[in-house]
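The values are calculated or read from the model by the stated rules, or taken from the named source; none is laboratory data. This structure is a prediction, so every number in the text was calculated from the model and none was measured. Note that we place each Cβ from the backbone using ideal geometry, even for glycine, and neighbour counts take in every protein chain shown.
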Amino acid sequence: MSFSFSAGTYTLRETAAWAAKINPHTIQVSLAAPYPGTFLYKQAVANGWLDAEHAELVDDHGIQIAPLHYPHLSHDEIFASVETFYKSFYFRPSKIGSIVSEMVRSPDMMKRRLREGVEFFAFLKERKSVTA
């Protein structure tokens, strides 16, 4: 299942609350990528949401960066919101309980979830080192 929202339709907080409400098994958060030639790219340039200094889509470490900015939302706030979103979704007591329950019932799921947890914390650490 995939959903996307424009910055003007939903706030980040509303989107995170909606994700928690529908409670999918897992979730992936990505930053909008305005590729040259796309409608989003043309719209971003026309509205001043994309500037040459922040037009790259990934940094030197391969980490996705926030190329867009809005009058009410900076590049840095958008970048930080990915981590905030993931933490608000996965660190809820009900989500932790469901993950632990899965792990207790299945050794294969335990291995998978532990591997995913290590990858998640490595992802957060890498993002932190990029912004430091």
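Per this entry, Leu68 is counted among residues that are in contact with a helix residue (DSSP H, G or I) (Cβ under 7 Å, 6 or more places away or on another chain) and under 30 Å from Glu116 (Cα atoms).
Pick from Gly37, Gly62, Gly97, Gly8: which is outside any helix (DSSP H, G or I) and modelled with pLDDT of 85 or more? Reasoning before the result, please.
Details: Gly62 fails: modelled with pLDDT of 85 or more; Gly97 fails: outside any helix (DSSP H, G or I); Gly8 fails: modelled with pLDDT of 85 or more.
When all the criteria are applied, what remains is Gly37.
Residues of the stretch 73-101 that are free of Cβ contacts under 8 Å to residues at least 12 places away in the same chain, surrounded by 13 or more Cβ atoms within 10 Å (Cβ to Cβ) and not small (Gly, Ala, Ser): Glu77, Lys87. The number of residues in the stretch 100-121 that are assigned to a helix (DSSP H, G or I) and hydroxyl-bearing (Ser, Thr, Tyr) comes to 1. Tell me whether the stretch 41-49 contains one or more residues that are at negative phi, surrounded by 14 or more Cβ atoms within 10 Å (Cβ to Cβ) and either modelled with pLDDT under 85 or in a loop (DSSP other than H, G, I, E, B) (or both). Yes; the residues of the stretch 41-49 include at least one that is at negative phi, surrounded by 14 or more Cβ atoms within 10 Å (Cβ to Cβ) and either modelled with pLDDT under 85 or in a loop (DSSP other than H, G, I, E, B) (or both).
Which residue out of Val104, Val118 is exposed (fewer than 14 other Cβ atoms within 10 Å of the Cβ), farther than 19 Å from Ser30 by Cα and within 19 Å of the chain's Cα centre (by Cα)? Lay out the reasoning, then the answer.
Numbers: Val104 fails: within 19 Å of the chain's Cα centre (by Cα).
Selected residue: Val118, the only one of Val104, Val118 that is exposed (fewer than 14 other Cβ atoms within 10 Å of the Cβ), farther than 19 Å from Ser30 by Cα and within 19 Å of the chain's Cα centre (by Cα).
Could you give me the residue pairs with C-beta distances under 7 Å whose first residue belongs to the stretch 12-38 and is within 25 Å of Trp49 (Cβ to Cβ), whose second residue is in a helix (DSSP H, G or I) and among the hydroxyl-bearing types (Ser, Thr, Tyr) wherever it lies, and which are 6+ apart or on separate chains? Matching pairs, first to second residue: Leu12/Ser81; Ala16/Ser88; Val29/Tyr86; Pro34/Tyr41; Tyr35/Tyr41.
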